[in-house]
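A short write-up of the structure that comes next.
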Amino acid sequence: MEIRVNLGERSYPVLVVHDEAVHFPARLREVCGARPCALVTNVTLERLYERQLGSWQAELGFVRVVIEDGEQHKTIATWQSVLDTLLAARLDRSALLIAFGGGVVGDITGFAAAAFLRGVDYVQVPTTLLAMVDASVGGKTGVDHPMGKNLVGAFHQPSLVWVDTAALATLPRRQLVAGYAEVFKNAFIGGADMFAFINQGHRAVLAGEADAMVQAIQRSIRVKVAAVEADEHERSGRRALLNFGHTFAHALERCMGYGSILHGEAVLWGIACACDLGRRVGSVPEQARTAYDELLLKLPLPPLPGRPDPQKLYEAMLSDKKARGGTLRFVLPTEPGTSVVRDDIGQEAVMATLGAVFGGN
Ligand code: NAD
Ligand code: GLY
C-alpha cells in the first residue's frame, strides 16, 4: 500500500508493508537510486535486527552508525557524533541516510540529514508504532536541549518512508500502547469516519490483531499526511491539530520526569484532559457528549508514577515552547472527529480540568 505525501518537489511515498524486509534494498534503489548510504540505528535495534541489517548492508554497502538507546541520548552531542561518523566516512552530498528505529533515531537522523553538507536525502524506516503513525512522516526533525524537548531542529522531509509492520512483533507492550495514543488521538481530528473506526475497532487494535492494526496505521498516516500537506511548516494552525492532547502531555512529561512516563502515555492522559476541558468551555456540542463519554471509556490510560500537582502542571504548560508569549494553546474537540485550536482558555477552566482528571489519582 502506498500513501503519497504531496509537497511539490518535496513529495515522497509512504510504503506500508508487512514482513517485506527482503524487498527493502530493491525498493530503496527504485525510489532513491543507487547511492552511497549510511544507516543510523541504536544498540537495541542493532542487537534485535542484526541478521536483517547484515543482509541489507551486504546489498546496499552502507556505513553503519549505532547510537545509544533512549530519549536522554536525543542530544546535540549524539547528533554531532553522527555527523562525525559521516564526515569520517567521507560521504558526499549524494549520500542517503537511513533511519532505522523509533522516533528518537528518526528525529536525530533527519536532523543530521538536514545539516550534513548543508542537506542530504534520508529515508525513514520506523520500528515503533508511534514512529510509524507520527514521527516518521512530515519532516519534523531535531534533538532535545537542556531547556526542553525538541528545541533544536529543522523541517526536512524524507525521500521515502518504509513502514514494515512486522517490526511491531518485537516492540515491548508498553511502547505499543504508547504508540496507540497517537492513533487514538486521530479519532478527534481525523473526521467522523476515523472517530467511528476507533470507537468500533479499538479492541481489535489494542489486541494487536493484524488487520485492525494495519488499518489503524494506514488511516493514521493518512490523517497525518493531510495535515502536513495542508500546513507543512505549522503556520496556519491546520498541522497544530496533530497536537491534540499534547499541551497537557508535554507538561505531564516534564513534571513526572522524562523516562518515568513515555510520551505516548502522557498523550493518553492529555486526551482525557482535552476532552474534559472541551466540555467545560463548551466546545463539545451537547449532542456529541455521549459519543465522547463512550470513546473515553475505551482509552487505555496507563498508571502514573505519582500524583501530578495541578499548579506545577499549569506552570510547565506556560514554559512550553508552544506557549507563545504566555498564551496557552489547546486543541479542543467539537463534533466527533473534529477539533479546533483555541488560545482563549482561561486559567480557571484549565485548573478545573487538571483537578478533575488528576485529583483522584
Ligand atoms: P523511541 O525511539 O525511544 O523508541 C522506544 C523504545 O523502543 C526504544 O527503547 C527503542 O530502542 C525500542 N524499539 C524501537 N523499535 C523497536 C522494535 N521494533 N522492537 C523492540 N524495541 C524497539 O521512542 P518512540 O516512541 O518511537 O519516539 C519518541 C520520540 O519521537 C520522541 O523523541 C518524540 O519527540 C519524537 N516524535 C517526533 C515526531 C516528529 O514529527 N518528528 C512526532 C512524534 C514524536
Ligand atoms: N507530531 C506533530 C507534527 O508532526 O506536527
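The values are calculated or read from the model by the stated rules, or taken from the named source; none is laboratory data. Small disclaimer: the values here were computed from a predicted structure and weren't measured. Virtual Cβ from ideal backbone geometry, glycine too; neighbours counted across all protein chains shown.
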Practice task
Go through region 241-256 residue by residue and tally those that are more than 11 Å from ligand 1 (Cβ to nearest atom) and either free of Cβ contacts under 8 Å to residues at least 40 places away in the same chain or touching a helix residue (DSSP H, G or I) at 6+ places or on another chain (Cβ under 7 Å) (or both).
Solution key: 9
Practice task
Answer yes or no: is there a residue in region 65-84 that is within 13 Å of ligand 1 (Cβ to nearest atom) and more than 24 Å from Gly259 (Cβ to Cβ).
Solution key: no
Completion exercise
Those residues of region 192-240 that are modelled with pLDDT of 95 or more, among the polar types (S, T, N, Q) and either within 15 Å of ligand 1 (Cβ to nearest atom) or under 25 Å from Thr290 (Cβ atoms) (or both) come to a total of 1
Fill in the blank from the handout: Of the residues in region 336-351, those that are without any contact (Cβ under 8 Å) to a residue 24 or more places away in the chain and assigned to a strand (DSSP E or B) come to none
Practice task
Answer yes if at least one residue in region 148-157 is surrounded by fewer than 20 Cβ atoms within 10 Å (Cβ to Cβ) and within 7 Å of ligand 1 (Cβ to nearest atom), and no otherwise.
Solution key: yes
Practice task
Tell me which residues, restricted to region 270-298, are surrounded by fewer than 17 Cβ atoms within 10 Å (Cβ to Cβ) and either in a loop (DSSP other than H, G, I, E, B) or at positive phi (or both).
Solution key: Gly282, Pro285, Lys298
Practice task
Mind listing whichever residues of region 188-216 are within 16 Å of the chain's Cα centre (by Cα) and more than 16 Å from ligand 2 (Cβ to nearest atom)?
Solution key: Ala216
Exercise for the section: Return the total of residues in region 151-175 being among the small types (Gly, Ala, Ser), in contact (Cβ under 8 Å) with a residue 12 or more places away in the chain and more than 16 Å from ligand 2 (Cβ to nearest atom). Expected result: 3
Exercise for the section: Answer yes or no as to whether Pro36 is touching a strand residue (DSSP E or B) at 6+ places or on another chain (Cβ under 9 Å) and either within 22 Å of Asp164 (Cα to Cα) or away from ligand 1 (no atom under 15 Å from the Cβ) (or both). Expected result: yes
Exercise for the section: Identify, by number, the condition in (1) touching a helix residue (DSSP H, G or I) at 6+ places or on another chain (Cβ under 6 Å); (2) closer than 26 Å to Val228 by Cα that Thr75 doesn't meet. Expected result: (1)
Problem - Flag if Pro333 is within 27 Å of Arg174 (Cβ to Cβ), surrounded by fewer than 15 Cβ atoms within 10 Å (Cβ to Cβ) and touching a residue at least 60 places away in the same chain (Cβ under 8 Å) - result: no
Exercise for the section: Return yes or no: is Asp276 modelled with pLDDT of 90 or more and among the charged types (D, E, K, R)? Expected result: yes
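Residue-by-condition table, conditions (1) within 14 Å of ligand 2 (Cβ to nearest atom); (2) basic (Lys, Arg):
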{"position": "Gly61", "(1), (2)": "no, no"}
{"position": "Lys74", "(1), (2)": "no, yes"}
{"position": "Val105", "(1), (2)": "no, no"}
{"position": "Ile108", "(1), (2)": "no, no"}
{"position": "Phe116", "(1), (2)": "no, no"}
{"position": "Asp144", "(1), (2)": "no, no"}
{"position": "Lys149", "(1), (2)": "yes, yes"}
Problem - Residue in region 218-228 that is loosely packed, with under 15 Cβ neighbours inside 10 Å, among the aliphatic types (A, V, I, L, M) and under 25 Å from Leu297 (Cα atoms) present - result: no
Exercise for the section: Being surrounded by 24 or more Cβ atoms within 10 Å (Cβ to Cβ) and more than 8 Å from ligand 1 (Cβ to nearest atom) is the filter here, so list the residues in region 158-185 that pass it. Expected result: Pro158, Val161, Trp162, Val163, Tyr180, Ala181, Val183, Phe184, Lys185
Handout entry: Every residue from region 128-175 that is polar (S, T, N, Q) and within 20 Å of Asn186 (Cα to Cα)
Key = Thr128, Ser136, Thr165, Gln175
Problem - strands (runs of 3 or more DSSP E) wholly inside region 34-127 that include at least 3 residues being within 21 Å of Val14 (Cα to Cα) - result: 37-42, 96-101, 121-126
